[in-house]
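Written below as structure tokens is the structure these notes are about.
All of the numbers you see were taken from the coordinates with simple rules; none came from a lab. Quantities reported herein were computed from a predicted structural model and do not represent experimental measurements. Here the Cβ positions follow ideal geometry from the backbone for every residue, glycine too, while neighbour counts run over all protein chains shown.
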Amino acid sequence: MTNHEFNTIPVSDGTELDIYAAFPAPADKVPFPLIIVLQEAFGVNGHIRRVTERLRNEGYAAVAPDLFHRTGRRLDLPYSDFSAVMPHYQAITNEGLTADLKAVYDWAQQQPNIRKDRIGSIGFCLGGRVSFLANAVLPLTAAISYYGGSLDQITDMAPRLHGPQLFFWGGQDKHIPQETIDKVIGAVKAAGKSYTNVVISDADHAFSCDERPSYHPLAAKEA
């Protein structure tokens with residue numbers, strides 16, 4: 001494997017999943033902890049690939065699974081065209097996402113240069129919800145959710161969280177009202193799970209993405 005490339009792995013439902021994998025140089029200390037990078041609604045695009053590579057540069061193995069692979073493979077959709085996103089977004093299911101996450105985890109267990117006991121996830125928007133799901137269905141060390149869209153729809157999974165969960169929200173985010181945040185955090189707290197909740201008051205939705213108008217460099221750096 002080169003230090004960043006797409007690989008294809010099997011999923012239990014008979015589909016094939018492309019994962020964008022970025023590994024530190026072979027000469028670096030191995031095995032590496034793994035971070036599963038979970039996409040926004042626009043595919044494993046340039047931004048998500050760069051996040052994966054930045055994590056690689058910090059000494060982590062990082063993989064970004066193509067969550068839309070059942071309706072279109074390796075999509076790289078423009079942020080300006082949400083209508084192109086909707087058919088793929090609407091087609092995903094918790095069952096399909098769970099199968100994909102387990103496929104990535106099973107693949108990681110077979111890699112000699114990945115630490116089997118140090119696997120976490122990070123996700124943005126759609127991926128923020130999937131990162132929460134990943135923490136519920138996989139024995140993760142930790143998980144991070146950036147402005148998780150529709151995360152309040154899977155709060156029934158809070159009792160199943162394995163590792164600590166870190167949440168980031170933008171205080172100016174009109175897509176995710178305070179009631180949604182309260183529901184999510186209330187569920188995790190009621191389940192007695194470890195969490196950290198961060199609201200950056202002057203940040204908007206997608207504040208961490210440097211390709212979107214809402215990018216907030218200071219908030220992204222702080223997060």
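With the helix formula -39500 (n - 2.57) applied to DSSP H stretches of n ≥ 4, the chain reaches a computed 222 nm mean residue ellipticity of -9500 deg cm²/dmol. Taking Cα atoms only, the orientation of helix 94-109 departs from the longest principal axis of the chain by about 40 degrees. Along the charge dipole of the chain, Cβ charges K/R +1 and D/E -1, which of LEU38, THR155, TYR195 sits furthest on the positive end? In the chain, that residue is TYR195. Summing Cβ point charges (Lys, Arg +1; Asp, Glu -1) relative to the Cα centre of segment 4-222 gives a dipole of roughly 520 debye. For segment 1-127, the Kirkwood estimate of the hydrodynamic radius, built from every pair of different alpha carbons, is 14.7 Å.
Return, ordered by residue number, the residues of segment 95-119 whose backbone nitrogen is under 14 Å from a label point located 7 Å along Cα→Cβ of ARG160. Hits in segment 95-119 for ARG160 at 14 Å: 95-103. This model, with +1 at the C-beta of Lys and Arg and -1 at the C-beta of Asp and Glu, gives segment 92-196 a dipole about its Cα centre of some 300 debye. Note on the chain: GNM, Cα springs under 10 Å; of PRO213, PRO65, PRO33, the largest mean-square fluctuation is that of PRO213. Any number yet on Rg/Rh for the chain, C-alpha, Kirkwood? For the chain, the value is 0.94. Please find, in a Gaussian network model of the chain (springs between Cα atoms separated by less than 10 Å), the residue of ARG49, ARG115, ARG129 whose mean-square fluctuation is greatest. Maximum among the listed residues: ARG115. A dipole drawn for the chain from +1 and -1 charges on Cβ atoms has a positive end, and of PRO164, TYR79, CYS125 the residue lying farthest that way is PRO164. In this label model, ALA91 and LYS189 are separated by 4.0 nm, measuring between points 7 Å along each Cα→Cβ vector. Given a Förster distance of 35 Å, report the FRET efficiency between THR71 and GLN153 from their Cβ-Cβ distance, rounded to the nearest 0.05. With R0 = 35 Å, the Cβ-Cβ based efficiency is 0.95. Considering only ALA190, ALA142, ALA25, the mean-square fluctuation computed in a Gaussian network model of the chain, springs between alpha carbons under 10 angstrom, is largest for ALA190. Can you tell me what share of the DSSP beta bridges in the chain is antiparallel? A percent to the nearest 5 is fine. Within the chain, antiparallel bridges account for around 35 percent of the total. With r as the distance between the Cβ atoms of LYS174 and ASN113 and R0 = 35 Å, compute the FRET efficiency 1/(1 + (r/R0)^6) and round to 0.05. Here the calculated transfer efficiency is 0.25.
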